[in-house]
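The values are calculated or read from the model by the stated rules, or taken from the named source; none is laboratory data. Since we're looking at a predicted model, the values are computed, not measured. Neighbour counts run over all protein chains shown; Cβ positions are idealised from the backbone, glycine included. Each accessible area value is taken on the protein alone, full model and side chains, heavy atoms only, with ligands, DNA and RNA left out. Shrake-Rupley method; radii C 1.70, N 1.55, O 1.52, S 1.80 Å.
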Amino acid sequence: AQSVTQPDIHITVSEGASLELRCNYSYGATPYLFWYVQSPGQGLQLLLKYFSGDTLVQGIKGFEAEFKRSQSSFNLRKPSVHWSDAAEYFCAVVPTGGGNKLTFGTGTQLKVEL
Amino acid sequence: DAGVIQSPRHEVTEMGQEVTLRCKPISGHDYLFWYRQTMMRGLELLIYFNNNVPIDDSGMPEDRFSAKMPNASFSTLKIQPSEPRDSAVYFCASSLGQGAGGGYTFGSGTRLTVV
């Protein structure tokens, strides 16, 4: 079955530490891939997206993500986390075979310790 | 552009009442989506439209839910009658083109509480 999985429900990092949030997908063909961030009580903001080409994608707020076809993964990274990065992060996909259905993973709640 | 605009931001209603949520997509976007977010089920796609036509409503939970898009600049999601289990945050999003080449832009959401 087609799915997008975020294995980590909660992650806690210290401010200034590096961050990696995991995302795996299970689709017949590589889907379009997205990362969104949601601050408490807010809507969803697009961090970055991957359609094709360079497998390392740069986004806003200093985030980047790497697409690895062999691992069916699209992990989000940041070299140095700031306290303001505390939020919930969602990986999302749109199948490339037609349709325009954006499906979200279950999300990873990031806590930043000062 | 003002982005995707949803109203109201908060809605508290009594069980059995009709609730109407509203959405104004970004001008020029041809896709519109309604999502529901709950702690238990996460972000669920309820329905989406292309050029004002419903394309996929498989996520609509039951007949109590209905959505319309009478024109390119307005959509509604109606729940009648409402039940406590409908309490959630409802998001509207819009995008341009197939495959989300333009990205999906989300509104700030409507927090619905049914008591």
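All conditions in (1) surrounded by 15 or more Cβ atoms within 10 Å (Cβ to Cβ); (2) small (G, A, S); (3) over 22 Å from A:L47 (Cβ atoms) hold for B:S95, with the sole exception of (3).
Among the residues of segment A:12-66, those that are in a strand (DSSP E or B), open to solvent by 30 Å² or more (accessible area, probe 1.4 Å) and more than 14 Å from chain B (Cβ to nearest Cβ) comprise A:T12, A:S14, A:E20, A:N24, A:S26, A:L56, A:Q58, A:E64, A:E66.
Of the residues that sit in segment A:1-11 and are in a strand (DSSP E or B) and either within 11 Å of another protein chain (Cβ to nearest Cβ) or not small (G, A, S) (or both), which one is surrounded by the fewest Cβ atoms within 10 Å (Cβ to Cβ)?
Per the criteria, the residue is A:H10.
Counting the residues of segment B:18-44 that are more than 15 Å from B:S73 (Cβ to Cβ), hydroxyl-bearing (S, T, Y) and either surrounded by 19 or more Cβ atoms within 10 Å (Cβ to Cβ) or touching a helix residue (DSSP H, G or I) at 6+ places or on another chain (Cβ under 8 Å) (or both) gives 1. Condition check for A:R77 on (1) within 14 Å of chain B (Cβ to nearest Cβ); (2) part of a strand (DSSP E or B); (3) charged (D, E, K, R): one failure, at (1). Among the residues of segment A:80-100, those identified as polar (S, T, N, Q) and away from every other protein chain (no Cβ under 14 Å) are A:S80, A:S84. In summary, strands (runs of 3 or more DSSP E) completely within segment B:18-68 and bearing 3 or more residues that are in contact with a Cys (Cβ under 9 Å, 6 or more places away or on another chain) occur at B:19-24, B:31-38. Take segment B:45-80 and flag every residue that is out of contact with any strand residue (DSSP E or B) (no Cβ under 7 Å at 6 or more places or on another chain) and closer than 21 Å to B:E18 by Cβ. Once the filter is applied, which keeps residues that are out of contact with any strand residue (DSSP E or B) (no Cβ under 7 Å at 6 or more places or on another chain) and closer than 21 Å to B:E18 by Cβ, segment B:45-80 yields B:P61, B:E62, B:D63, B:P70, B:Q80. Annotation: of all residues in segment B:55-66 being open to solvent by less than 80 Å² (accessible area, probe 1.4 Å) and of a type outside the set (D, E), the one that is nearest to the other protein chains (Cβ to nearest Cβ) is B:G59.
Scanning segment B:69-84 for residues that are open to solvent by 60 Å² or more (accessible area, probe 1.4 Å), assigned to a strand (DSSP E or B) and in contact with an Asp or Glu (Cβ under 8 Å, 6 or more places away or on another chain) turns up just one, B:K78.
Name every residue in segment B:1-17 that is surrounded by fewer than 20 Cβ atoms within 10 Å (Cβ to Cβ), of a type outside the set (S, T, Y) and part of a strand (DSSP E or B), in order of residue number. The answer is B:I5, B:H10, B:E11, B:V12.
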